[in-house]
Amino acid sequence: METLIDLFSNNPVYLAVAVVLALVILVGVIKKLLKLVLIVAAVLVLYLAYFIWTGQEVPRDLDEIKATVEQTVQKTVEKGKKQLQKTGESLQEKSKAAVEEKVNETAKKLLDD
């Protein structure tokens, strides 16, 4: 560590390069944090707009928000499970029909030969 400090103190060019690199990294981190803050703010605005649009009461404190988010997530997960089950059943039926068709085609070819 001392050699690194000596290197920077003896060579101002290295120090300038290190400072520029540090600033570039700092600006990059700040940009990413700003993007995150903007995304969270946009999601919050959409969340509040949803409540206003549907005519529901807008939650006033953190506990109410947490409860409504949990309910919404739970409903979404349940709907997703139901849809996944329907899709699985549909896929199973289509697969069964395709297999039966291939078996019939193969059997027909074997009987024709």
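The numbers here are math on the coordinates, done by the rules we state, and not lab data. The structure displayed is predicted, hence computed values, not measured ones. Cβ placement follows ideal geometry from the backbone for every residue including glycine, while neighbour counts extend to all protein chains displayed.
Only helices at least 20 Å long along their axis, Cα-based, and averaging 0.0 or more on Kyte-Doolittle count here, so list those DSSP H runs from the chain.
12-54
Helix-only estimate, please: 222 nm mean residue ellipticity of the chain, summing -39500 (n - 2.57) across DSSP H runs of length 4 or more and dividing by its residues, to the nearest 500.
That calculation yields -33500 deg cm²/dmol at 222 nm.
Hey, in the GNM for the chain with a 10 angstrom Cα cutoff, which one of Glu78, Glu64, Glu93 fluctuates hardest?
Highest fluctuation of the listed residues: Glu93.
Within the range 24-113, list the trypsin sites (Lys or Arg not before Pro) lying in a DSSP loop whose Cβ has at most 11 other Cβ atoms in a 10 Å radius.
Passing both the DSSP loop test and the Cβ count: Arg60.
If you average 1/r over every pair of different alpha-carbon atoms in the range 60-113 and take one over that average, what Kirkwood value in Å do you get?
Evaluated on the range 60-113, it is 14.8 Å.
Calculated from the structure, Rg/Rh (Cα atoms, Kirkwood Rh) equals which of [x] 1.31; [y] 1.43; [z] 0.96?
From the options [x] 1.31; [y] 1.43; [z] 0.96, the structure gives [y].
If the only charges are +1 at each Lys and Arg Cβ and -1 at each Asp and Glu Cβ, what is the size of the charge dipole of the chain around the Cα centre, to the nearest 20 debye?
Charge dipole of the chain: 280 debye, to the nearest 20.
Considering the dipole of the chain built from charges on the beta carbon (Lys and Arg +1, Asp and Glu -1) around the Cα centre, which of Val37, Ser95, Leu62 is farthest to its positive end?
So the residue we want is Ser95.
Once fully extended, how much extra length lies between Lys81 and Lys94, figured as 0.36 nm per residue of separation less the alpha-carbon to alpha-carbon distance?
2.7 nm is the gain from fully extending Lys81 to Lys94.
Give the separation of the Cα centroids, the range 83-113 to the range 2-16, in Å.
73 Å
Subtracting the Cα-Cα distance from 0.36 nm times the residue separation, let me have the gained length for Glu101 to Asp61 in nm, one decimal.
8.4 nm
Count of lysine pairs in the chain with Cα atoms under 19 Å apart, counting only pairs 8 or more residues apart in sequence or on different chains?
Value for the chain: 7.
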